[in-house]
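*Asks:* One structure is given below, represented as structure tokens, and several questions about it will come after.
The values are calculated or read from the model by the stated rules, or taken from the named source; none is laboratory data. Keep in mind the model is a prediction, meaning the values are calculated, not measured. All Cβ positions, even for glycine, are placed from backbone atoms using ideal geometry, and neighbour counts span all protein chains on display. Areas reflect the complete protein model, heavy atoms only, side chains present, ligands, DNA and RNA absent. Shrake-Rupley method; radii C 1.70, N 1.55, O 1.52, S 1.80 Å.
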Amino acid sequence: FHQFIQPTMCKKNDQTAPTNMTTHEEKVPYPTILLPWIRAYRSTPKLYITREIDIGFSILCAFLFTILRISYRHLLVSLGWPSSPDPDTLFVSACMASFCHSSIILPGLAAALLSQPYRPCGKLSDSPPWYRDVTHAITSYCTGYMIYDSIVGYVVETWQPGVGPVLTTDHWMFLVHHVLTSLYMISARFVGAGHMSAMILMFLGEFTAPIMNIHLILEKAMEQPEFRDSSWIPLAFVYNEQIFAFFYCIFRIFLGPLAAAHLTWDLILTERGRGNVPVWLSLAWMPMCWGVLLGSIPWIQTCLETLQRGPVLSGKDEL
């Protein structure tokens, strides 16, 4: 991983350098791991809604995630899971797509955040061109995921003929989260500042997502008749649960609030923060920033209980 995170100097004739890179940019070091993001964003046809905001990359990502989710659904059925529209099959296919989303975005976020001086209120124009493209690519990628999940998960898969989408309270909660998260990222790109605040929150929020999705997939797998005699799935579930609970507590009790407090101070209480990002916009971001952390409290309580209980199978002794 170190060799991919370390800066790479672009040379004019370097075959690994992104195409249409300027002469000045060729001399600027960038982490090699970000090269796919740069190339993917630059090679995608643009559909600008403002001078800086392109939605073409988001639309492409939404389309690819839709194909991925449908493919996972067919894969599960071929492995013996109930045919769609069985809720368990639909749920697990969504978890598998979510696992891909977070597993892909986390290394990019880490490299992007480490490659430039961290300042939540920083201006995007102060960064090299390749970093601006990376920022647009990562935030567009995440926005595309939100678009796909909102449409497929909360419209298509909840649709009832003659009624329309039937949404539960949890559905509405996730839908509002998707909309607000997308607005946060889009508004930061629109004003050209505050993007790092969105990216650090994204990184801290997504870090436990791969582990959580594995947990949910294993939980549903144990309920399937084909896997009830499996010995390794319950064992994997129990230890994955402990790992998830540990990291969730670390990120939601300590790292998340620290990052939120720092970016609140930087955006609102510093002169540079108020100059780079309109105060009204920073204030609008605060409920999104702190709301997720406050909404995590029930999950934190459950995770603390899980850690206190230790690796135990339901109805059985400690492993």
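*Asks:* Can you compute the helix-only [θ] at 222 nm over the chain? Use -39500 (n - 2.57) per DSSP H run of at least 4 residues, normalise by all residues, nearest 500 deg cm²/dmol.
*Replies:* -20500 deg cm²/dmol
*Asks:* Give me, ordered by chain and number, the residues 5 or more places off residue 47 or on other chains with an amide H under 5 Å from its own placed amide H.
*Replies:* For residue 47, the qualifying residues are 55, 56, 57.
*Asks:* OK, next. Length gain on complete extension for the stretch residue 113 to residue 46, per 0.36 nm per residue less the alpha carbon to alpha carbon distance? Please list the in-between numbers first.
*Replies:* Working: separation 67, 0.36 × 67 = 24.12 nm, distance 2.47 nm.
Here the answer is 21.6 nm.
*Asks:* Tabulate in residue order the Karplus-calculated ³J(HN,Hα) for segment 86-94, using 6.51 cos²θ - 1.76 cosθ + 1.60 with θ = phi - 60°, rounded to whole Hz; enter x for Gly and Pro.
*Replies:* Ordered by residue, 3J(HN,Hα) equals 4, x, 5, 5, 5, 5, 5, 5, 5 Hz.
*Asks:* Express in whole angstrom the spacing between the alpha-carbon centres of segment 26-79 and segment 151-188.
*Replies:* 21 Å
*Asks:* Want the number for residue 286 to residue 168: 0.36 nm per residue separation, take away the alpha-carbon distance, what's left?
*Replies:* Gain on stretching residue 286 to residue 168: 39.9 nm.
*Asks:* Say each of residue 312 and residue 228 gets a label point 7 Å from the Cα, pointing the same way as Cα to Cβ; how far apart are those two points in nm?
*Replies:* 2.5 nm
*Asks:* Using the Karplus curve 6.51 cos²θ - 1.76 cosθ + 1.60 with θ = phi - 60°, work out ³J(HN,Hα) for each residue of segment 125-140 in order, rounded to whole Hz, and write x for Gly and Pro.
*Replies:* After applying 6.51 cos²θ - 1.76 cosθ + 1.60, I find 5, 7, 9, x, x, 4, 6, 5, 5, 4, 4, 4, 5, 5, 5, 5 Hz.
*Asks:* While we're on this one: Rounded to a whole number, what % of the accessible area of the chain do carbon and sulfur atoms account for, probe 1.4 Å?
*Replies:* Reported share for carbon and sulfur atoms: 67 percent.
*Asks:* Taking only Cα atoms, what is the 0 to 90° angle, nearest 10, from helix 297-309's long axis to the longest principal axis of the chain?
*Replies:* 60 degrees
*Asks:* Taking amide H atoms as placed 1.01 Å from N in the peptide plane, list the residues 5 or more away in sequence, or in a different chain, whose amide H sits under 5 Å from that of residue 313.
*Replies:* Distant-sequence amide H within range of residue 313: 319.
*Asks:* Please list, in chain and number order, the residues 5+ apart from residue 193 or on another chain whose amide H is under 5 Å from its amide H, with Hs placed from the backbone.
*Replies:* 124
*Asks:* So which GluC sites (Glu not before Pro) in segment 188-234 are both in a DSSP loop and have at most 12 other Cβ atoms within 10 Å of their Cβ?
*Replies:* In loop regions of segment 188-234 (DSSP not H, G, I, E or B), the sparsely surrounded GluC sites (Glu not before Pro) are 223.
*Asks:* Specify the angular offset, from 0 to 90 degrees and rounded to the nearest 10, of the alpha carbon long axis of helix 232-249 from the longest principal axis of the alpha carbons in the chain.
*Replies:* Here the helix axis deviates by roughly 40 degrees.
*Asks:* Right, another one. Net charge within 13 Å of residue 126 by Cβ-Cβ distance, Lys/Arg positive one each and Asp/Glu negative one each, not counting residue 126 itself?
*Replies:* Overall, the nearby charge balance is +4.
*Asks:* Which one, 193, 214, 244, projects farthest toward the positive side of the charge dipole computed for segment 186-319 from Cβ point charges (K/R +1, D/E -1)?
*Replies:* 193
*Asks:* Another question, then. Please work out which option in [x] 35, 23, 21; [y] 44, 38, 21; [z] 56, 18, 15 gives semi-axes √(5λ) of the Cα gyration tensor in Å calculated from these coordinates, and answer with its label.
*Replies:* [x]
*Asks:* Right, next: With every protein chain left in place, what is the accessible area per residue of the chain in square angstrom, probe 1.4 Å?
*Replies:* 51 Å²
*Asks:* Sticking with this structure for a sec: So what J values fall out for segment 162-169 if you push phi through Karplus, 6.51 cos²θ - 1.76 cosθ + 1.60 with θ = phi - 60°, rounded to Hz, Gly and Pro as x?
*Replies:* Per residue, the Karplus-derived 3J(HN,Hα) values read x, 10, x, x, 9, 10, 8, 4 Hz.
*Asks:* Quick one: ranking 212, 185 by accessible area, 1.4 Å probe, largest first, what do you get?
*Replies:* The ranking, largest first, comes out as 212, 185.
*Asks:* Further question: How far, in degrees from 0 to 90, does helix 195-206 lean away from the longest principal axis of the Cα atoms of the chain, to the nearest 10?
*Replies:* Result, in degrees: 20.
*Asks:* While we're on this one: Which part of segment 169-212 falls in the paramagnetic zone of residue 279, meaning amide N under 20 Å from the point 7 Å along Cα-to-beta-carbon?
*Replies:* Backbone N within reach: 188, 191-194.
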